[in-house]
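Shown next, in structure tokens, is the structure this report addresses.
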Amino acid sequence: MRVLVQRCKRAQVTVEGEITGQIGTGLALLVGVTHDDQEADAVYLVEKISGLRIFDDEDGKMNLSVLDVGGSILSVSQFTLYGDTRKGKRPSYSQAAGGDKAEPLYNRFNDLLRAKGLTVETGRFGAEMDVELVNWGPVTFWVESPQK
């Protein structure tokens, strides 16, 4: 699994004119799933992301997690994170898992975040979505589950 993590002041996702998820301070996550990902990958990423110390403490140092600051999560499925652009001009998405594999694991990932006590808002899996955010910093990290 791959997740693009963006610290944000606010974020929202809209599907067909309807806001399906909206948060204030927290993390906007773009989440990709590949063919051999398992629940263990989701567990690893939830532990890593929920504990990432990327919010400032009282001394202005990145020393606090989204849990520490009472932030929320906006989680958006993003198969293009597994797009391969090494050949030609048109990306290949052969490394992205199909919806039958990716959707249940993406949903489990979100459920595990909620089990940590985080408020998690989402887009709509497989839909055309408009994602808006104010990236705070900007602070952006690429986080992946361990290689198999």
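The values are calculated or read from the model by the stated rules, or taken from the named source; none is laboratory data. Nothing here was measured: the structure is a model prediction, and the numbers come from that model. FYI the Cβ positions are ideal-geometry reconstructions off the backbone, even for glycines, and counts take in every protein chain you see. Side chains are part of the model used for accessible areas, which takes the heavy atoms of the whole protein and leaves out ligands, DNA and RNA. Shrake-Rupley method; radii C 1.70, N 1.55, O 1.52, S 1.80 Å.
Quick notes on this structure:
- The largest accessible area among LEU29, LEU133 belongs to the first residue in LEU133, LEU29, and the rest follow in falling order (1.4 Å probe, all chains).
- Computed over protein heavy atoms with a 1.4 angstrom probe, the accessible surface ordering of LEU112, LEU45, largest first, is LEU112, LEU45.
- Accessible area of the chain divided out per residue, in Å², using a probe of 1.4 angstrom: 55 Å²
- Scanning the chain for GluC sites (Glu not before Pro) lying in DSSP loops with no more than 14 further Cβ atoms inside 10 Å, the longest uninterrupted stretch between such sites is 59-127.
- Carbon and sulfur %, accessible surface of the chain computed with the full protein complex present, 1.4 Å: 46 percent
- Helix-only [θ]222 nm of the chain, DSSP H runs n ≥ 4, -39500 (n - 2.57) each, per residue, nearest 500: -6500 deg cm²/dmol
- In order along the stretch 17-22, the phi-based Karplus estimate (6.51 cos²θ - 1.76 cosθ + 1.60, θ = phi - 60°) of 3J(HN,Hα) comes to x, 9, 6, 9, x, 8 Hz; Gly and Pro are listed as x.
- Modelled spin labels at GLU128 and LYS87, positioned 7 Å past Cα toward Cβ, are 2.9 nm from each other.
- Just checking the listed ones, SER75, SER50, SER94: in the Gaussian network model of the chain with Cα springs under 10 Å, the one fluctuating most is SER94.
- For the chain, lysine pairs with C-alpha atoms less than 26 angstrom apart, excluding pairs fewer than eight positions apart on the same chain, total 13.
- Accessible area per residue was computed with a 1.4 Å probe on protein heavy atoms; ILE23 scores about 20 Å².
- Anisotropy class of the stretch 109-148 from Cα gyration tensor, a/c 1.5 cut: rounded
- Of the trypsin sites (Lys or Arg not before Pro) found in the stretch 15-77, those that fall in a DSSP loop while having at most 13 other beta-carbon atoms within 10 Å are ARG53, LYS61.
- Farthest positive-ward along the chain dipole, Cα basis, beta-carbon charges - from LEU118, LEU29, SER72: LEU29
- Residue-span extension gain [VAL15 to SER94] - 0.36 nm each, minus C-alpha spacing: 25.9 nm
- Extended-chain gain in nm, criterion 0.36 nm per residue less alpha-carbon gap, THR119 and VAL69: 16.8 nm
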